[in-house]
């Protein structure tokens, strides 16, 4: 388990970080798949106008629900999506780093599958709604739908972690306030639980703040950006965590 334990030396801390990364290695698969396949466009200088009809998503090319993640407007578009996806993946990994090895691995498997499923679901929802209600006949492309689904996953998972582990933290604080002699292991548990809660609180508060103060900033609303698709991805990501909670309720309650 990952925690800021008292007396832990730098080498021990690094080993803890590496163990968390090892337990959660499956979480990075969506990032590397999109990085590698999407990178071909720029490695071989493939023409965007040639790629879009073949891999882009439109009502006339529904196979694009699986392939539009891998083409981007330009290198900046690609870099921005990859950077955000990598950062969100790291946040997700470390905000679950307090959990047991098996729980970390379960969360990692969920993240790997959910990122792709939510990305595909976002594409399906977007093209159906856009074409039916707004008569959209063009193409959409880029990995941002999947990226914002991951953002929704991180936000909702942080909320569930806060609720579940918060109960445990308050119980620890109640015992600590009793002024009884506490063993060293208890103090370590208190420190690691507090660090875990703080990280998850920061993640949840960050997204909640911008959602309340400037909702458009959460989905990067700007000209030539499919903000509607971002909203759909963010929402689907949140609901995927809710579904996962009911499927794996015992896993959450054992935190």
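The values are calculated or read from the model by the stated rules, or taken from the named source; none is laboratory data. Nothing here was measured: the structure is a model prediction, and the numbers come from that model. Quick reminder, even Gly has a Cβ in these numbers, built from the backbone with ideal geometry, and neighbours come from all protein chains shown.
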Among 51, 99, 90, which is in a helix (DSSP H, G or I) and under 19 Å from the mean Cα position of the chain (by Cα)? 90
Residues of segment 23-58 being touching a residue at least 60 places away in the same chain (Cβ under 8 Å), more than 30 Å from residue 94 (Cα to Cα) and surrounded by fewer than 15 Cβ atoms within 10 Å (Cβ to Cβ), in sequence order, are 53
Working only within segment 163-198, note down all residues that are under 19 Å from residue 20 (Cα atoms) and either surrounded by 14 or more Cβ atoms within 10 Å (Cβ to Cβ) or at pLDDT below 75 (or both). 165, 188, 189, 191, 192, 193, 194, 195, 196, 197
Complete set of residues in segment 105-150 that are outside any helix (DSSP H, G or I) and surrounded by fewer than 22 Cβ atoms within 10 Å (Cβ to Cβ): 135, 136, 137, 138, 139, 140
Looking at (1) under 20 Å from the mean Cα position of the chain (by Cα); (2) modelled with pLDDT under 90, can you tell me which one residue 35 breaks? (2)
